[in-house]
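Since the structure comes first, as structure tokens, the remarks are kept for the end.
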Amino acid sequence: MLFQRGKKSYTVYTVGAPVLKRIAQPVPVVTPEIRELAADMLAALRAFNGIGLAAPQYGQSLRMVVFDVPADSNTGTVGEVTLLPRMPLAVINPEIAALSDQTCEREEGCLSVPEIFAPVVRPARVVFRAQTLEGEFLEVECGGLLGRCIQHELDHLDGKLFTDRLAPEAAGRIRGDLENLRRMGQSTNYRRKSR
Ligand code: ZN
């Protein structure tokens, strides 16, 4: 028997969608539904070629994030050394326990803000605290791309996008494109589909 496996299409919500502005709710317990959501979010992350996806971007106002940060981005912090080999990684109720005084600027993009990129200044390292779906508690210092991605994804859980964190000059540069994106979103209900 021959099975034709239709490729599933995934949806992420784009700027203007109310779910992206909400404060997401903690995940009290890992149910089969939560596991399924994590698996779907990981599949969506792959379909969109992303490195991180927060549940609100997937339409669920929950404190859950999936990461798939490339191993070759390792700058040597303990968090990168321990977590990058474990990618892809799904976590619930993640927090930033501490931030470095040192900051760095890096270009960011977002699956919810397609085709717009701009430099964002953020702390260079963070102490990341989270729980895996298996109930393991993580608390590690992360820098590099992973540290950056953690901060970006955790912002989503508090209703913030990277475009809310731009310096005035960069904000001015993307304002028109962002407005267009918001306007276009009205006709698609702020849904972006993977191929
Ligand atoms: Zn994002």
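Just so it is clear, none of the values below were taken in a lab; they were calculated from the coordinates. Small disclaimer: the values here were computed from a predicted structure and weren't measured. Ideal geometry is used to build each Cβ from the backbone, glycine not excepted, and the neighbour counts take in all protein chains shown.
Data overview
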read-out: Values of log10 I(q)/I(0), in the order q = 0.08, 0.12, 0.15 Å⁻¹, for the chain under a Debye, Cα-only, solvent-free model; value: -0.26, -0.58, -0.91
read-out: FRET efficiency estimate (nearest 0.05) - Cβ-Cβ, Ala167 to Ala98, R0 22 angstrom; value: 0.35
read-out: Given charges at beta-carbon only (K, R positive; D, E negative), |dipole| of the chain in Debye; value: 880
read-out: Top of Asn180, Asn74, Asn49 by mean-square fluctuation, Gaussian network on the chain, Cα under 10 Å; value: Asn180
read-out: Rough spin-label spacing in nm, given labels placed 7 Å along Cα→Cβ, for Arg106 and Asp40; value: 3.0
read-out: Candidates Gly50, Gly135, Gly79, ranked by Gaussian network fluctuation over the chain, Cα under 10 Å, top entry; value: Gly135
read-out: Long-range lysine pairs (8 or more apart or interchain), the chain, Cα under 23 Å; value: 5
read-out: Expected 222 nm ellipticity per residue - DSSP helices of 4 or more, -39500 (n - 2.57), all of the chain, to 500; value: -9500 deg cm²/dmol
read-out: Amide H within-cut-off set for Ala98, under 5 Å, with H built and near neighbours excluded; value: Val127
read-out: For q = 0.11, 0.12, 0.20 Å⁻¹, Debye-computed log10 I/I(0) when each Cα of the range 1-109 counts as one equal scatterer; value: -0.44, -0.52, -1.26
read-out: Karplus (6.51, -1.76, 1.60) ³J(HN,Hα), θ = phi - 60°, over the range 92-100, in Hz, Gly and Pro reported as x; value: 10, 6, x, 9, 9, 7, 7, 10, 6
read-out: The range 102-113 - phi-based ³J(HN,Hα) in whole Hz, Karplus 6.51/-1.76/1.60, Gly and Pro as x; value: 5, 10, 8, 9, 8, 5, 10, x, 7, 4, 8, 10
